[in-house]
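Worksheet for the structure shown next.
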Amino acid sequence: MDQQFASDNYAGICPEAMLALQQANAGHAPSYGEDPWTQRAADAFRTLFGRACEVFFVFNGTAANSLALAALCQSYHSVICAEAAHVETDECGAPEFFSNGSKLLVAPGSGGKLTPEAIRRLALARGDIHYPKPRAVTITQPTETGEVYAPEEIRAIAAECRALGLKLHMDGARFANACASLGCSPAEITWQAGVDVLCFGGTKNGMAVGEAVIFFDAALAEDFDYRCKQAGQLASKMRFLAAPWVGLLESGAWLRNAAHGNRCALDFAAAVETLPGVEIMFPVQSNAVFLKAPPPVLDALKEKGWRFYTFIGGGARFMFAWDAREDAMRRLLQDLEQEGRRPS
């Protein structure tokens, strides 16, 4: 298949992750995370964040988010999230399932962002025993529409959480893209801003598979290893989940990959703004561009072999991965321009 922009999940493994994977494949190593690669990857995260933290490796983002939220909640608790949050719209009820029933309380918001006011409104809506007690807040960084929370926004949300006695979880499937967009350190938009637990995405950042669950409050990680085992997320050959992280983090590729995707998205958006009949739906702040175009234009793109999703607001989403190529972008732009100029 030629390069597509439907999802950054389409991309292959970046060279740094692949090299580490090949190196980890030499010889034998202890299983279930007792290997040197897993320790090295966990230490690389501690170096990256400048803090002692508990690090766990799981297979995918749904497991990472769901198990992290389950660690924060009892079955009678609730989790406040934005209406467009991935945990609400695209995880098949997994957060409720793995927490044995903790309910998601959904707050409407522009661009999928939560605000302190929306959190307070939901948290204090009811306080009687018949309603699931709010226990945690989850924010997506970047949001499902590709917008990023600035450090001051996260600090404001965290302050509201502390005032309300809530824990703060960050879904960071594209966390690297947020760091590249903001130009700040990972610490500035996580534990220094008041985040308790982060799910750091590797799959969309150049790995084949794997996410990291990082607890900045070690007390919240108690027995999380057992939770992962019970959920089928304890890899027997854990080094193959951990080693690619070593390749990404120690080389700096995690940030370079994200910066490239972001830059391609900005270049693509700048070119789209000159095209007739096409409108950018949301601010381009990471590696996502959402386009609104007449249905015949989008249908024609599909007929030409382009793949994309239209699940948010009816617009077409284009994602730019670590390996996005200019020639493929140019072909897409040419087809967009050609179809946009056709008489209706």
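The values are calculated or read from the model by the stated rules, or taken from the named source; none is laboratory data. As the structure is a computational prediction, the values presented were derived from the model and not from experiment. Note that each Cβ is placed from the backbone with ideal geometry, even for glycine, and that neighbours are counted across all protein chains shown. Heads up: the accessible areas ignore ligands, DNA and RNA and are worked out on the full protein's heavy atoms, side chains in. Shrake-Rupley method; radii C 1.70, N 1.55, O 1.52, S 1.80 Å.
Miscellaneous remarks
- Residue match in the stretch 201-218 (condition: over 27 Å from residue 24 (Cα atoms), more than 15 Å from the chain's Cα centre (by Cα) and without any contact (Cβ under 8 Å) to a residue 12 or more places away in the chain): no
- Selection within the stretch 1-34 - within 15 Å of residue 242 (Cα to Cα), charged (D, E, K, R) and crowded, with 20+ Cβ neighbours inside 10 Å: 16
- Residues located in the stretch 3-46, provided they are under 25 Å from the mean Cα position of the chain (by Cα) and charged (D, E, K, R): 8, 16, 40, 43, 46
- Pair list, Cβ < 8 Å and 6+ apart or interchain, from the stretch 122-137 residues that are open to solvent by 60 Å² or more (accessible area, probe 1.4 Å) to residues that are aliphatic (A, V, I, L, M): 124/164; 135/72; 135/79; 135/166
- Looking only at residues of the stretch 293-315 that are over 15 Å from residue 271 (Cβ atoms) and among the small types (Gly, Ala, Ser), we find that the one that is most open to solvent (accessible area, probe 1.4 Å) is 313.
- Entry remark, the stretch 313-334: residues being within 30 Å of residue 208 (Cβ to Cβ) and assigned to a helix (DSSP H, G or I) number 8 in total.
- Selection within the stretch 1-30 - among the polar types (S, T, N, Q) and in contact (Cβ under 8 Å) with a residue 40 or more places away in the chain: 3, 4, 7, 9, 23, 25
- Scanning the stretch 257-292 for residues that are free of Cβ contacts under 8 Å to residues at least 60 places away in the same chain and either surrounded by fewer than 20 Cβ atoms within 10 Å (Cβ to Cβ) or in a helix (DSSP H, G or I) (or both) yields 263, 266, 269, 270, 273, 274, 279, 280, 292.
- Test: residue in the stretch 203-215 that is hydrophobic (A, V, I, L, M, F, W, C) and farther than 19 Å from residue 252 by Cα: yes
- Whichever residue in the stretch 250-267 is of a type outside the set (Gly, Ala, Ser) and touching a Phe, Trp or Tyr at 6+ places or on another chain (Cβ under 7 Å) and, among such residues, is farthest from residue 20 (Cα to Cα): 264
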